[in-house]
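Undergrad: Please read through the structure below; I'll follow up with questions.
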Amino acid sequence: RCVVLRFLKFPPNQNKTSEEILHHLQNIVDFGKHVMKQFFGENYVHHGEIIQLPLDFVRQLCLKIQPERPESRCDKDMDTLSGYAMCLPNLTRLQTYRFVEHRPILCIEIKPKCGFIPFSSHVSQEIKHKVCRYCMHQHLKVANGKWKRPSKYCPLDLFSGNKQRMHFALKSLLQEAQNNLKIFKNGEPIYGCKDDQDCISDWNELAHHLKPFFFPSNGLVSGPQCTRTIVKELIHVITMTLLSSTDACRAGDMKTVPVSQGRSYCEASAFNKELVRNGKHKLESSGLPRGCLLYKTLQAQMLDMLDIEGLYPLYSRLEQYLEEFPEERSTLQIDGPYNEAFYEKLLDLSTEDDGTVAFALTKVQQYRIAMTAKDCSIMIALSPCLQDECSEQRPVVLTSKSRFTFSVSVLDLDLKPYESIPHQYKLDGKIVNYYLRNVQAKDDPVMSSLFKENEDCTLVLHKV
């Protein structure tokens, strides 16, 4: 069966009882089922089910996978004591079948990140109304040594619905994948985050893997032209699947905030800078089709209506209340249960603060949902199909030489912890301050003549 097992992980010496682990897993399942399905729609969210496994099997499994785990993740241990796990569909496969298909399957995983610029009046720095969080954060990440160079990807280009901008965003992601893009072939990763590698050789290797999918009759010789053509076809297919609507149900139609409230482009986007350089200042924003997954993702993200700067005082109000009445924590459903009642409370979109704890709670919970949507991953599974095989029931996307049946899913939908809000507040300040000091100062012509990059500067003090 084409399934994935997901186990909880904990820092060493932080033992949880089997009951606590079962409760935690139940919360994850309920949150996907009762809340995220309402935002994204039935076909896109796979909440999974909880199963119990023999402990001996779990221990053997843990030993088997340990060498495969990246070093950065080994600060936590897999839960081998409770026997509980989540059973989920393998999203690198097509979701239209219950079993493994005996045909090649390509899967692209994209972490699109936050697709809008804050429109809240609580924002204290004007730069946040012009440059998106992702583009600003890139500079801090490079400075901290997380990445060698900033990516040209800007989420606002991907969420614009404009094919030219979307193509540019996807090409930038392929050039500098970081943690935001991975490609799998038959469930095995073939392309992803390799910071130190040469993009060209990577692309040639990727084109070698993709050629049978896009040019099955082998009409294309290898070489740079072939690589470019194949990458172009891949980008076209990803764009078409992202703009498609494969969900007939009305879920996800919850209207949160008109997208037009925010600015539809980011001043730091490489695409935007290129336009300005060519003397064009008008960025076309075609808008996303309402049924597509990107639209639904953006709507859920825009539940962050106050920005972290407007939200933090409300979080403090809630914290103060909980200090006085700790027993209220369960009544307020901060740690679940994530049921229909929890979802209903999220529908209040007013931004007028009436000073109550109820208002603060609603905004805090909406912010947690928005943060979850800003960090989710979209999985696009593609499988070549012949003309006569493609039935009406299955969505199909065409390229110049082949046709694919596909499925689009969303994952990484665990609710962001309530406790992470102070960290988000501090991080936001760090990102903005770093950008203002080190990036904007250099881009500003007056400032850059004062601060020439990497130039020694001596301050001479004269006696007066």
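The values are calculated or read from the model by the stated rules, or taken from the named source; none is laboratory data. Model, not experiment: these values are computed from the prediction. All Cβ positions, glycine included, derive from the backbone under ideal geometry; neighbour counts span all protein chains shown. Accessible surface is based on the protein model in full, side chains and every heavy atom, while ligands, DNA and RNA are left aside. Shrake-Rupley method; radii C 1.70, N 1.55, O 1.52, S 1.80 Å.
Undergrad: For segment 1-146, what is the accessible area per residue in Å² when the probe is 1.4 Å?
TA: Value returned for segment 1-146: 54 Å² of accessible area per residue.
Undergrad: Karplus couplings for segment 122-135 from phi (6.51 cos²θ - 1.76 cosθ + 1.60, θ = phi - 60°), rounded to Hz, Gly and Pro as x?
TA: 7, 5, 8, 9, 4, 4, 5, 7, 10, 10, 6, 4, 4, 5
Undergrad: Shifting gears a bit: What is the local net charge at Phe213, summed over the other residues whose Cβ is closer than 13 Å to its Cβ (Lys, Arg +1; Asp, Glu -1)?
TA: Taking every other residue near Phe213 into account, the sum is +4.
Undergrad: Separate question: So, R0 is 22 Å and r is the distance between the beta-carbons of Gln333 and Leu53; what FRET efficiency does that work out to, to 0.05?
TA: Step by step, r from the Cβ atoms, then E = 0.15.
Undergrad: How large is ³J(HN,Hα), in whole Hz, for each residue of segment 24-35 in order, when computed from phi with the Karplus curve 6.51 cos²θ - 1.76 cosθ + 1.60 and θ = phi - 60°, using x for Gly and Pro?
TA: 4, 5, 4, 4, 4, 5, 4, 5, x, 6, 9, 10
Undergrad: Please arrange His167, His423, His47 by accessible surface area, largest first, computed with a 1.4 Å probe and ligands excluded.
TA: Ranking His167, His423, His47 by accessible area, largest first, yields His423, His167, His47.
Undergrad: Which of the peptides 12-25, 404-417, 427-440 is most tightly packed, and how do the rest follow, judged by the mean count of other Cβ atoms within 10 Å per residue?
TA: Going from most to least packed, we get 404-417, 427-440, 12-25.
Undergrad: Let me ask another. HN-Hα J couplings of segment 14-23 from phi, Karplus 6.51/-1.76/1.60, θ = phi - 60°, integer Hz, Gly and Pro as x?
TA: 10, 6, 10, 6, 4, 5, 5, 5, 4, 4
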